[in-house]
1. With the contact rule set at Cα under 8 Å and sequence spacing of 6 or more, what percent relative contact order holds for segment 274-387?
2. Run the numbers for residue 93 and residue 45: contour at 0.36 nm per residue of separation, minus the present Cα-Cα distance, in nm.
3. How big is the gap, in Å, between the Cα center of segment 129-182 and the Cα center of segment 328-347?
4. In which sequence would 152, 253 go, from the one with the fewest C-beta neighbours within 10 Å to the one with the most?
5. Give me the distance in nm between label points sitting 7 Å out from Cα along the Cα-to-Cβ direction at residue 363 and residue 85, one decimal.
6. For a quick check: sort 70, 250 by the number of other beta carbons within 10 angstrom, fewest at the front.
7. Once you have a ≥ b ≥ c as the square roots of the Cα gyration tensor eigenvalues for segment 80-137, tell me rounded if a/c is under 1.5, and otherwise prolate or oblate according to whether a/b is larger than b/c.
8. Specify whether the C-alpha gyration tensor of segment 274-387 places it in the rounded, prolate or oblate class, a ≥ b ≥ c being the square roots of the eigenvalues: rounded for a/c under 1.5, otherwise prolate if a/b is larger than b/c and oblate if not.
């Protein structure tokens, strides 16, 4: 309860700062018309898993396996849809207030609740397999390995539950600062490691089998005099590519680490609470200020930065074909050219905020809004004037909303 109270205090302090007459409110950038978009964005299908209510920062993202896409809504529904056409395959009402999901693997779908309940459903049918209590709010998707479901809770604990029955296998933890952002880093399973960022700016890797620490690396050291200045949460999941781990923290640094040792190969000052994505040559970040940036993967050298979406509360980026895709507080989905950073095109969901990262499968991008609407988009390069004339007209941008 103490930790939760302090998290709420942080939110209240932030709101107080926004409302102060002595301080200038950072207004979200207005969207301008794209006269000649270089990508044609087609809406393939939409569906809904429900949910909504208060605009809380919840980790209810999408996951895919076996030509299905899985989603969870705050009101308790978990559903599976056909990846290609959006047809609902099954839907289960869990009667839980869901806040973390979805994790998939080993034939099951795992979600977590605000009350600390982890639920496992059969991936094929949606039938409940087991549920377990972990005594901590879950704000990020569990990670499913071969034999364990790895769960991160807001109290700084990382737990492994047995895939077969949900019984706790091991538990480890990191010390959490008195004041933190609302959110937790979703754990990632890579080879025989479970890896997660923490609210103290560290990344921890433990053995999936027994929870023993393999490495513990400080990535974003705290700075400043006040507790607000020293916030340095790593709230987004790390990205593992080959033998490398990529991560970014709030008011801290973006870095590349060695998977086997946790050694920091390079680090750059940048602030992000949304996360990163990586391709063969570059790392992409949505910054806290609303810029989309690219760094070289091997050395961390800046490649490009586009601040056109400043203060629009961007999601983490997703690499889809030749584009980097982010979504924003008004439900717009923005495509950037991977090579140049130029804004290439824009589409829109129903207009509700998108908090969680888009999911890219090939050249198709799947987005879930905070109200549970799921939309699939495909971006195709515009290669001729004739193709441009066939592109659907972009809806007129709505006035930017605060938040």
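Taken together, the values in this text are just the output of simple stated rules run on the coordinates, not laboratory data. The structure presented is a predicted model; accordingly, all values stated were derived computationally and were not measured. With ideal geometry, Cβ positions are generated from the backbone for all residues, glycine too; neighbour counts draw on all protein chains shown.
1. 18 percent
2. 15.0 nm
3. Their Cα centres are 34 Å away from one another.
4. 253, 152
5. 2.2 nm
6. By the 10 Å Cβ count, ascending, the order reads 250, 70.
7. Verdict is prolate for segment 80-137.
8. oblate
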